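The values are calculated or read from the model by the stated rules, or taken from the named source; none is laboratory data. Remember, it's a predicted structure, so these values are computed and weren't measured experimentally. Here Cβ is always computed from backbone atoms with ideal geometry, including for glycine, and neighbour counts include all displayed protein chains. Only protein heavy atoms, including side chains, enter the accessible area calculation; ligands, DNA and RNA are left aside. Shrake-Rupley method; radii C 1.70, N 1.55, O 1.52, S 1.80 Å.
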Amino acid sequence: QVELVESGGGSVQAGGSLRLSCAASGRTLSSYVMGWFRQAPGKEREFVAAASRSGLTTDYSDSVKGRFTISRDNAKNTVYLQMNSLKPEDTAVYYCAALPSFYVTISRRASEYDYWGQGTQVTVSS
């Protein structure tokens, strides 16, 4: 059992940067694979990035690779998403999620994540 709370969303111009944070409580962050997903109006929820329990293995969707960086500080029970070179198509509600299975190293599947934050809005203007 873990509770996740996102923060750091806001409005920026295209080309700008934001850093999202996801603070966890209830259990230590090291017990979970962590992921970021997003959902834009009228679109399905999509995978953005994920990190293994150690943070040494990461995965990114093609649309954000090279622009976004996922990182985690297990000592602070916090995972981050650094977003650079933002584009208007990045506008969405961003969610962090936790995957508890010991047998999964990393995953893009939303259905495998058991715990979700409330989401934080990111708006990128042209």
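Computed from backbone phi, the HN-Hα couplings of the range 104-121 come to 10, 7, 6, 8, 9, 8, 4, 5, 8, 8, 8, 10, 9, x, 7, x, 9, 7 Hz, rounded to whole numbers (Karplus: 6.51 cos²θ - 1.76 cosθ + 1.60, θ = phi - 60°; Gly and Pro given as x). Rolling a 1.4 angstrom probe over the protein heavy atoms with all chains in place gives the chain an accessible area of 51 Å² per residue. Kirkwood's formula applied to the C-alpha pairs of the range 19-126 gives a hydrodynamic radius of 13.8 angstrom. Surface listing: 70, 106 arranged by accessible area from highest to lowest gives 106, 70, probe 1.4 Å.
Given a 1.4 Å probe and every protein chain left where it sits, what share in percent of the accessible area of the chain is carbon and sulfur? About 46 percent, which is the carbon plus sulfur part of the accessible surface.
Partners of residue 87 within straight-line reach, counting aspartates and glutamates whose Cα lies under 18 Å from its Cα and excluding those fewer than 8 residues away in the same chain: 46, 62. Using the empirical formula 2.2 N^0.38 Å as the baseline, the Cα radius of gyration of the range 72-126 reaches a ratio of 1.35. On the beta carbon distance between residue 28 and residue 87, with R0 = 25 Å, the FRET formula returns roughly 0.10.
Taking each residue as 0.36 nm, the span from residue 108 to residue 45 lengthens on full extension beyond its C-alpha to C-alpha distance by 21.5 nm. Note on surface exposure: 62, 73, 90 rank 62, 73, 90 by accessible area, highest first, 1.4 Å probe.
Projecting label points 7 angstrom from Cα along Cα→Cβ for residue 14 and residue 75 puts them 4.1 nm apart. In this structure residue 53 has an accessible area near 50 Å², from a 1.4 Å probe over the protein heavy atoms. If you add up the charges near residue 67, with Lys and Arg at +1 and Asp and Glu at -1, over every other residue whose beta carbon is less than 14 angstrom from its beta carbon, what do you get? Net charge around residue 67: +1. With contacts taken as Cα pairs under 8 Å at a separation of at least 6 residues, the chain carries a relative contact order of 36 percent. Summarising the label geometry, the points placed 7 Å from Cα in the beta-carbon direction at residue 61 and residue 118 lie 2.4 nm from one another. Just 60, 115, 103 to compare: in a GNM of the chain, with alpha carbon springs under 10 Å, which one fluctuates most? With Cα springs under 10 Å in the chain, the top fluctuation among 60, 115, 103 is at 103.
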